[in-house]
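Asks: One structure, pasted below without further comment.
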Amino acid sequence: MRLLEAGPIARRIKNSLAKEISDFKIRPVLATIQVGDNPGCDSYIKAQKKESSALGIECQLHKLSQVITEKDLSGLIQRLNQDKHVNGIVVMFPLPVHIDHKKISSILSPQKDIEGVSLSNLGSLIVGDALILPTTTAAVMQLLEVTGIDLYGKEVVIVGHSRIVGKPLALMLLEKFATVAVCHIATSEKGNLAKHVERAQVLISAVGRAGLIKGKWIKEGAVVIDVGINRANGKIVGDVEFEEAAKRASWITPVPGGVGPLTVMMLLRNLVEAAKIQRKK
Ligand code: NAD
């Protein structure tokens, strides 16, 4: 088994971003909008700030009240869309239930949507020419590249069908001609999850449930990518039973240290790309 860690790849990308920022003489500006308090969001924002400051990227945090209206939030996004100083906008999800997340995703300027979650960017994945790739899916694709696996005709099973991870990942893997199955809550409820996971040559889990994927289900030699982030017994763990799965997998991501650190780097890579494109206009 080989450990599929983000560290070396993240460092390589960071070095190339530092070079691009210096070569193009840009000082990218990232605006992050956080509505209400969410400890999960806090750690992601902290990681954004840490990596950005090392690269000379300016971070603006717009921390808004939980009771902000949809109209006021939309107004702020429209202003940031227009602000020539701002190169990328991140809206932290989930938003409070009184705010329509689809509406918010639809007003985000596709050129500044550096998480690739706007309706326009997600929609363009269908035709295989997305302007900006969703960050977590881009991180997973980078990790798969490191394993050297040829995805053509491979049995790939994704567990989790969210708008920002499972669904875009399925589209990107189809572009590589993988045979993709997407499992979700109903697969589990009908008792079919083990059956699907057992035949996966590549397994990607993005659910958010510790120990959901039993180690004994992992096919011998499979590549296992665990996107899940869960707190269990005071520790951060993924969705997959790591110890048992590691005995069977050819490659497996640790949690923490697998997908997470690479996601932040993909965000900054998208920001630098956006800043370069906007400067040309
Ligand atoms: P989500 O809540 O939007 O979607 C969860 C998915 O899991 C849904 O498709 C749901 O049907 C499925 N699901 C729920 N219970 C299930 C079960 N028992 N069996 C099978 N499927 C089940 O979640 P999300 O936003 O996609 O995030 C998923 C996980 O990935 C979370 O732990 C989140 O913290 C993590 N995450 C990590 C990163 C990263 O960079 N590492 C980025 C995004 C999300």
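The values are calculated or read from the model by the stated rules, or taken from the named source; none is laboratory data. These figures come from a predicted structure and were not determined experimentally. Every residue, glycine as well, gets a Cβ built from its backbone with ideal geometry; the counts of neighbours run over all protein chains shown.
Asks: Among the candidates ALA178, ALA170, single out the residue that is away from the ligand (no atom under 16 Å from the Cβ) and among the small types (Gly, Ala, Ser).
Replies: None of the others qualify; the one that does is ALA178.
Asks: Being within 16 Å of the ligand (Cβ to nearest atom), of a type in the set (Val, Ile, Thr) and surrounded by fewer than 22 Cβ atoms within 10 Å (Cβ to Cβ) narrows it down to one of ILE114, ILE104, ILE126, so name that one.
Replies: Answer to the check: ILE104.
Asks: Let me confirm something: among ALA245, ALA274, ALA249, ALA232, which residue is without any contact (Cβ under 8 Å) to a residue 24 or more places away in the chain and out of contact with any Asp or Glu (no Cβ under 7 Å at 6 or more places or on another chain)?
Replies: Selected residue: ALA232, the only one of ALA245, ALA274, ALA249, ALA232 that is without any contact (Cβ under 8 Å) to a residue 24 or more places away in the chain and out of contact with any Asp or Glu (no Cβ under 7 Å at 6 or more places or on another chain).
Asks: So how many residues does the stretch 226-243 have that are over 19 Å from the mean Cα position of the chain (by Cα), buried (at least 17 other Cβ atoms within 10 Å of the Cβ) and assigned to a loop (DSSP other than H, G, I, E, B)?
Replies: Summing the residues that are over 19 Å from the mean Cα position of the chain (by Cα), buried (at least 17 other Cβ atoms within 10 Å of the Cβ) and assigned to a loop (DSSP other than H, G, I, E, B) in the stretch 226-243 gives 1.
Asks: Any idea which residue in the stretch 73-99 is modelled with the lowest pLDDT, counting only those that are surrounded by fewer than 13 Cβ atoms within 10 Å (Cβ to Cβ) and more than 29 Å from ARG27 (Cβ to Cβ)?
Replies: Filtering first and then ranking leaves PRO94.
Asks: Out of the stretch 215-225, which residues are more than 18 Å from the chain's Cα centre (by Cα) and either assigned to a strand (DSSP E or B) or more than 14 Å from the ligand (Cβ to nearest atom) (or both)?
Replies: Passing the criteria: GLY215, LYS216, ILE218, LYS219, GLU220, GLY221, ALA222, VAL223.
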